[in-house]
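To start, the structure under review is shown below, and the notes come after it.
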Amino acid sequence: MPAYLDLDPSEILPLSLKHNFWTWSAQARVQPIPVTRAEGVHFWDADGKRFLDFNSMVMCSNIGHGEKRVIEAMVEQTRCLSFAGPGMATAPRALLGQALAEITPPGLDRFLYTLGGADANENAIKLARAHTGRPKILARYRSYHGASYGALAATGDPRRVAWEPLTMPGVVHFLDPYRYRSVFHRDRPDVSEADFCRDYLNHLEEVITLEGPQTIAAILLETVTGTNGVIVPPDGYLQGVRALCDRYGVLLICDEVMSGFGRTGKWFAVEHWSVVPDLMTMAKGLTSGYAPLGAVAMQQAVADTFGDRAYQGGLTYNGHPVSLAAALATIRVMQEDRLVERAAARAPAFARLLREMGEAHACVGDVRSIGLFGVLELVRNRATRQPLAPFNGSSPEMEALRRRLLERGLFAYTHWHTLLLLPPLIISEEQLAEGFQIIDEALGETDRSLSA
């Protein structure tokens, strides 16, 4: 803790509650964890209790906490140049663009820097509309693209409902290829992967046809759906979406805010299906949470739209040199420590541990993962697949599960009836096993509560 903050740890929580307004929370019921420090895959609260971080804080700390190489890069940049305007060229801006061009899919080598994922997605939408001259954006119902007004309009999940009507028109939503709860295959749960994929691509093409291809600027999708269930697309789906975009002159925007920077065992999830989007958004793992930063990677053809035409957009802190230095250092750490390869190597053990939870506990209806990006989907009844919490809601059982995990020192994210698991990429197999042992114990209590 900085020396100038002469605050007793016991005062962090009451003082924070007194003066702060909390996001995603009813103010009278908010219960934040008073965090004092973090290192590696752990963080500690004001009482000195240690938590194993199975959510990478907010799905962002891919390289783990307290990485000195990133911290030192930020400190040095602050000493050298603590701020430069968004229209200025700086050393970290020059070097980060070069570094990103080396790790992004071929052709995505022009970068617009933003403050985070939400405004990265909004800028991608602006770029697509300007490039095509078309107004509409197609996005999926189980998507989440950010909480600012434009990103929230593109979001399909219920987080947008509280603020409707939203001010960005022209968004049309379509269905996700969600096999466990497929609306097209309720009477055919054993449908083949090829037929499942084809049916959802046919659904998307029908929406394109009905909306009018000439009105659609882009299809925006999370490459792997994140907080709404870690929905991994079937083989052929992303390639099929790319083909539809090419057929109808529609741009493809892939939101890699959560799935990028090694989370899936590749630098970016699109690499699993050898698909190159026209625009790709990123944040979170871009700096591993050490500083706020997002970015839009774009094809040269999109950038050329603004060769002689001003791009009307930008914020004061776009291209902040300290954030750019943090991103550059994060990429170098990932390369030096081979963290993408490490995530891929950990993936089989991670998948096995998830599978074992599914086999051991009646309350687990389905498990899904790719790399170190996983979910346990919890149900009251495996036969009926009734969720353990209602859509867009919680339940006493889910609240109790979260409490049990925290009591045992595991920090994980519960969303409706799912338990999302996204540990830092530096995690060891022993630490994975430790976390899953805690989950195993907590789910055992959930099983017993449901059978009582």
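Points to keep in mind about this one:
- Between the range 142-207 and the range 365-392, the Cα center-to-center distance that results, in Å: 18
- Neighbourhood net charge (13 Å Cβ-Cβ; Lys/Arg +1, Asp/Glu -1) for ASN55: +2
- Per-q log10 I(q)/I(0), the range 28-173, q = 0.21, 0.22 Å⁻¹ (Debye; single scatterer per alpha-carbon; no solvent): -1.25, -1.28
- Counted over the chain, the DSSP beta bridges are approximately 65% antiparallel.
- Shape analysis of the range 175-332 based on the Cα gyration tensor places the equivalent ellipsoid semi-axes at 31, 21, 12 Å, largest first.
- Prolate/oblate/rounded call for the range 122-268, Cα gyration tensor, a/c under 1.5 rounded: rounded
- Under Karplus coefficients 6.51, -1.76 and 1.60, residue-wise ³J(HN,Hα) of the range 108-119 in Hz, glycine/proline x: 8, 10, 10, 10, 10, 8, 10, 8, x, x, 4, 6
- All Cα-Cα distances of the range 130-212, cut into 10 Å bins from zero to the largest, leave 17, 39, 32, 12, 1 percent in each bin in turn.
- Order of PHE174, PHE350 - criterion: other Cβ atoms within 10 Å of each residue's Cβ, fewest first: PHE174, PHE350
- Along the chain, longest interval not containing exposed trypsin sites (Lys or Arg not before Pro), exposed being DSSP loop plus at most 16 other Cβ atoms within 10 Å: 50-185
- Restricting the range 8-37 to chymotrypsin sites (Phe, Trp or Tyr not before Pro) that sit in a DSSP loop and have at most 10 other Cβ atoms within 10 Å of their own Cβ leaves PHE21, TRP24.
- With a cut-off of 15 Å between beta carbons, the residues surrounding LEU175 carry a summed charge of -1, where Lys and Arg count +1 and Asp and Glu -1.
- Prolate/oblate/rounded label for the range 190-275 (Cα gyration tensor, a/c 1.5): oblate
- Nonlocal amide H pairs with ALA389, under 5 Å, H built at 1.01 Å: HIS417
- Cα gyration tensor shape for the chain, rounded if a/c is under 1.5, else prolate or oblate: oblate
- Neighbour net charge for GLY150 - beta-carbon separation under 10 angstrom, K R +1, D E -1: -1
- What the Cα atoms of the range 69-336 give is an Rg and a Dmax of 18.6, 64 Å.
- Under 30 Å, Cα to Cα: Lys pairs in the chain, sequence gap 8 or more or different chains: 11
- Scanning residues 5 or more positions from ASN62 or on other chains, those with amide H under 5 Å from its amide H are SER288, with H placed 1.01 Å from N in the peptide plane.
- Extending 7 Å from the Cα toward the beta-carbon at both ASP308 and ASP8 defines two label points whose distance is 7.0 nm.
Every number here is computed from the coordinates shown, using simple stated rules; none is lab data. Just so we're clear, the structure is a prediction, and the values are computed from it rather than from any experiment. We place every Cβ from the backbone using ideal geometry, glycine too, and count neighbours over all the protein chains shown.
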